[in-house]
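The structure appears below as structure tokens.
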Amino acid sequence: MKVSRKEVTDRLARAIADLRMEEANKSLNDAIETGVPVSDIIQNGLVRGMEIVGERYERKEYFLSELVLSAMIVKSSIRTLKPHLPKEGREISGKVVVGTIKGQIHDIGKDLVATLLETSGFEVYDLGSDVPPEKFVEKAKEVNADIIAISALLTMTLTNIEKVIQMLEKEGLRDKISVMVGGRAVTKEFADKIGVAYGETAFDAAKIAKMLTKKKWQ
């Protein structure tokens, strides 16, 4: 009996949420072999699975060890998916510094963003997780970046994003380097308040980066 795309991605999400690595790998390969679009696999499989993990963590059903294991499963899945992501030309390419802001060690969302930016033709400088505000600015200056992309999942880390903006202003770089933000703790209202671009999903980040670089060179 033919399995629907939704059944395949639901199975992948459940395997991630239940921390079953072998089942997650099998479901991922099934999704690829049956032609499920990579965007569906990521959004309805990987992202949904991590959302369930986050919900269980908030209910204190999961703890740090479960978060670490789920992150390992998703990172492995991203590596498997990477060759299947469509590669685009570099007509609208640019340099992007990415990282999760200081106070945030969870970096799955950031990893997805970095991967999608790379496959969209951008040169990505990944600073990792728990990155101090000054490191974003220093790296952006070093590589002459077009964009700084910051991820945050905890509300308490938002003040550090504001510090990045303040540092860019102090360095006279606010009009030269665009900033985009995303992650569970970030809202469009917050992004509008500090004057930066907002992406609700990892896929939004690649689209926004293209728009920002287009605008810069117009």
**Item:** Long pairs among 102/207; 26/75; 141/170, criterion Cα-Cα beyond 22 Å
**Value:** 102/207
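Taking the number of other C-beta atoms within 10 Å as the exposure measure, put 118, 138, 200 in order starting with the fewest.
Lowest to highest Cβ neighbour count: 200, 138, 118.
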**Request:** Would you mind ranking 175, 30 by Cβ crowding within 10 Å, fewest neighbours first?
**Result:** 175, 30
**Prompt:** Fully extended, how many nm does the chain gain between residue 130 and residue 184 (0.36 nm per residue separation, minus their Cα-Cα distance)?
**Reply:** 17.9 nm
**Asked** Is any residue of segment 16-32 close enough, with backbone N under 17 Å, to a label point placed 7 angstrom from the Cα of residue 7 along the Cα-Cβ axis, and if so, which?
**Response** 26-32
**Asked** Nearest 20 debye, what's the magnitude of the dipole of the chain about its Cα centre given +1 on Lys and Arg Cβ and -1 on Asp and Glu Cβ?
**Response** 320
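What share of the DSSP beta bridges in segment 95-217 is antiparallel, in percent to the nearest 5?
0
Strictly greater than 22 Å: what percent of every Cα pair in segment 5-84 meets that?
Numbers: 515 of 3160 pairs.
In whole percent, the share of Cα-Cα pairs in segment 5-84 beyond 22 Å is 16.
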**Request:** Obtain the nm distance between the two label points defined at residue 204 and residue 175 by a simple spin-label model: each point lies 7 Å from its Cα along the Cα-to-C-beta direction.
**Result:** 2.8
**Complete:** Reduced to Cα centres, the span from segment 151-190 to segment 20-96 in Å works out to 25
**Asked** Listing 165, 147 from the residue with the fewest other Cβ atoms within 10 Å to the one with the most, what is the order?
**Response** 165, 147
**Asked** Per residue and in cubic angstrom, what volume does the convex hull of the Cα atoms of the chain have?
**Response** 118
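Compute the Rg/Rh shape ratio of segment 123-208: radius of gyration over Kirkwood radius, all on alpha-carbon atoms.
0.92
No lab work stands behind these numbers, since they all come straight from the coordinates. On a predicted model such as this, the values are computed, not experimentally measured, just so you know. Using ideal geometry, Cβ is built from the backbone for each residue, glycine included, and neighbour counts are taken over all protein chains shown.
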